[in-house]
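Notes for the one structure printed next.
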Amino acid sequence: MIGNHELAEMMEQTRQLRRGFAPTAPRAWDAATAGAELAVQLGHLALCVARRHGINMSAYDDPGRPINDIGDELADVTLATLSIGVLADESPTSIRSSHSAASVIEALLMLLVCAGQAAEAGLISAGYRHQPTGSPPPVPDACATTLQTADRLAELLGLDLPEQFQAMYADANRFLRSHQSGDQT
């Protein structure tokens, strides 16, 4: 479960990864770009969840790019969510335990809704979208709710989200070190 200590550590690691990955992107990222990345990672996560539920996803497989580690994909969703906050310079509010989702599918659907709100908040923060009517949550709240829901999904999947994030962080740092040294094998 993501506690305040884990959240602070994950935010700092996200800042480090954003700095590390910045030279690898053709253009500078902002909160809107991170929201687009969140959509990509949600697609990867949904692919893994669908397979786990016995849905034939072979039409979406790329043999050169296997996407089959649900914990890693959930960690990538977490990184993209935290990146919205980092790039908007707004930290998520503290994570509160949420046990409202009773199934993996319910949690995934809730995550899609919350992630949409986080992406929208990133678009508004980066100046790509007008402030809509109503009261959409600002970046800190939208990111916190998304993380809270991702944490619940991890729990339902029998995963520890901070542990999955740490594994992804270590893997990303290995990639960055090999990228910087020119060894991209």
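Contact map, the range 36-51: residues that are within 17 Å of ALA154 (Cβ to Cβ) paired with residues that are of a type in the set (Asp, Glu) and assigned to a helix (DSSP H, G or I), Cβ distance under 7 Å, separation 6+ or inter-chain. Pairs shown: GLN41/GLU73; GLN41/ASP76; HIS44/GLU73; HIS44/ASP76; LEU45/GLU73; CYS48/GLU73. Taken over the range 69-114, the residue count meeting the criterion of being over 16 Å from the mean Cα position of the chain (by Cα) and at pLDDT 95 or above is 5. Mind counting the residues in the range 92-109 that are open to solvent by 40 Å² or more (accessible area, probe 1.4 Å) and under 21 Å from ALA31 (Cα atoms)? Of the residues in the range 92-109, 2 are open to solvent by 40 Å² or more (accessible area, probe 1.4 Å) and under 21 Å from ALA31 (Cα atoms). Within the range 52-74, can you find the residues that are touching a residue at least 60 places away in the same chain (Cβ under 8 Å) and of a type in the set (Val, Ile, Thr)? Across the range 52-74, the qualifying residue is only ILE70. For the range 1-31, a residue qualifies if it is more than 18 Å from SER91 (Cβ to Cβ), of a type outside the set (S, T, N, Q) and part of a helix (DSSP H, G or I), and the qualifying residues are GLY20, PHE21, ALA22, PRO23.
For the range 151-162, the candidate set comprises residues that are of a type in the set (Asp, Glu) and open to solvent by 40 Å² or more (accessible area, probe 1.4 Å); within that set, the residue that is farthest from ALA22 (Cα to Cα) is GLU155.
Condition check for ILE124 on (1) over 22 Å from ALA102 (Cα atoms); (2) of a type in the set (A, V, I, L, M, F, W, C); (3) out of contact with any His (no Cβ under 8 Å at 6 or more places or on another chain); (4) surrounded by 15 or more Cβ atoms within 10 Å (Cβ to Cβ): one failure, at (3). Could you say whether any residue in the range 133-150 is aliphatic (A, V, I, L, M) and surrounded by fewer than 22 Cβ atoms within 10 Å (Cβ to Cβ)? No, the range 133-150 contains no residue that is aliphatic (A, V, I, L, M) and surrounded by fewer than 22 Cβ atoms within 10 Å (Cβ to Cβ). Residues in the range 163-185 that are buried (at least 16 other Cβ atoms within 10 Å of the Cβ) and more than 12 Å from the chain's Cα centre (by Cα): GLN166, TYR169, ALA172, LEU176. If you go through the range 78-101 and keep only what is farther than 16 Å from VAL139 by Cβ and aliphatic (A, V, I, L, M), you end up with just ALA101. Checked against the criterion of being more than 19 Å from GLN166 (Cα to Cα), at pLDDT 95 or above and acidic (Asp, Glu), the range 119-133 contains one or more residues that satisfy it.
The values are calculated or read from the model by the stated rules, or taken from the named source; none is laboratory data. What you see is a predicted model, and the numbers here were worked out from it, not measured in a lab. For neighbour counting, all protein chains shown are included, and Cβ atoms are generated from backbone atoms with ideal geometry for every residue, glycine included. The protein model used for the area step is the full one, side chains on, heavy atoms only, and it has no ligands, DNA or RNA in it. Shrake-Rupley method; radii C 1.70, N 1.55, O 1.52, S 1.80 Å.
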